[in-house]
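Q: Have a look at this one before I ask anything.
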């Protein structure tokens, strides 16, 4: 007796059949997806359970740490976007023999452990470094200062932004840019009115990634800019000096300040895709 094979058809919004998948395989995919989501949610569920809501209060210095992380992370996004966007576009549109060296440099910045990157920055920009000593004579201190904090976040987040933005620009069909040029637009106007609007969704994701990376950076900031203390360093200080109960309120504050920008950008991307 022949057995029937249970299948399920997946259709696109227009009603066209895209594929036919065995039901057992779909259930396996759903189970794997549910397990992955459960594993991701477990630490945050632990935070929710462990927080002592009856004695929920911030430790001394938590308020300034929140302001430091929020304000300087927004400030760090400016040079990241201003310098990283042209670099990402150039990498997406030009292919040279030695371009592999730039890819290696980006990978080095990504793969270098944060503490090691902090040490490298201290060697270069510290008071005894070749760049730091020159800038210190001009009154610019790149250790334990607001400028050093922004510098650490810039180095931590720039490679992530460039790689994500490069992928966004590579997704823009060159035919659209060529059409704009043939219609009399300059390369700059073509970039502003064609390339940027088409790549905006990927660029929004790149900005969100850079923001989260800058806000959560600990290792580089710990070495280069222990002061002023942002949220990641203050979490470490609270854990060492006051214990776990002093960490939970600051963690909640971190999530509430770090998540809005990526969520807003994500919602904007989804709305534009559905439009």
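Q: Can you go through 39, 141, 106, 134 and tell me which one is under 22 Å from residue 156 (Cα atoms), part of a helix (DSSP H, G or I) and without any contact (Cβ under 8 Å) to a residue 60 or more places away in the chain?
A: Exactly one residue qualifies, and that residue is 106.
Q: Quick check on my filter: what residues within segment 49-66 are surrounded by 14 or more Cβ atoms within 10 Å (Cβ to Cβ) and assigned to a helix (DSSP H, G or I)?
A: 62, 65, 66
Q: Name the one entry in 171, 118, 139, 184 that is in contact with a helix residue (DSSP H, G or I) (Cβ under 7 Å, 6 or more places away or on another chain) and surrounded by fewer than 16 Cβ atoms within 10 Å (Cβ to Cβ).
A: Matching residue, one of 171, 118, 139, 184: 171.
Q: Report yes if residue 191 is closer than 30 Å to residue 173 by Cα and either touching a helix residue (DSSP H, G or I) at 6+ places or on another chain (Cβ under 8 Å) or outside any helix (DSSP H, G or I) (or both), otherwise no.
A: Spelling it out, residue 191 is indeed closer than 30 Å to residue 173 by Cα and either touching a helix residue (DSSP H, G or I) at 6+ places or on another chain (Cβ under 8 Å) or outside any helix (DSSP H, G or I) (or both).
Q: Separate question: Output yes when any residue across segment 151-164 is touching a helix residue (DSSP H, G or I) at 6+ places or on another chain (Cβ under 9 Å), in a loop (DSSP other than H, G, I, E, B) and touching a residue at least 40 places away in the same chain (Cβ under 8 Å), and no when none is.
A: Looking for residues that are touching a helix residue (DSSP H, G or I) at 6+ places or on another chain (Cβ under 9 Å), in a loop (DSSP other than H, G, I, E, B) and touching a residue at least 40 places away in the same chain (Cβ under 8 Å), one finds none in segment 151-164, hence no.
Here's the yes/no breakdown for (1) in a helix (DSSP H, G or I); (2) modelled with pLDDT of 90 or more; (3) under 30 Å from residue 119 (Cβ atoms):
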position	(1), (2), (3)
175	yes, no, no
203	yes, yes, no
211	yes, yes, yes
249	yes, yes, no
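Matching residues to (1) exposed (fewer than 14 other Cβ atoms within 10 Å of the Cβ); (2) assigned to a helix (DSSP H, G or I); (3) over 28 Å from the mean Cα position of the chain (by Cα); (4) modelled with pLDDT of 95 or more:
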position: 1; (1), (2), (3), (4): yes, no, yes, no
position: 25; (1), (2), (3), (4): yes, yes, yes, no
position: 45; (1), (2), (3), (4): yes, yes, no, no
position: 72; (1), (2), (3), (4): no, yes, no, yes
position: 76; (1), (2), (3), (4): no, yes, no, yes
position: 83; (1), (2), (3), (4): no, yes, no, yes
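Q: Please state which of the following conditions residue 128 fails to meet, knowing it meets all the rest: (1) in a helix (DSSP H, G or I); (2) under 30 Å from residue 227 (Cα atoms).
A: Unmet condition: (1).
Q: Go through segment 175-210 and give me each residue that's touching a residue at least 40 places away in the same chain (Cβ under 8 Å) and more than 14 Å from residue 90 (Cβ to Cβ).
A: Result: 200, 201, 203, 204, 205, 206, 207, 208, 209, 210.
The values are calculated or read from the model by the stated rules, or taken from the named source; none is laboratory data. Worth saying up front: this structure is predicted, and the values here are computed from it rather than measured. In this analysis, Cβ positions are derived from the backbone assuming ideal geometry, glycine residues included, and neighbour counts consider all displayed protein chains.
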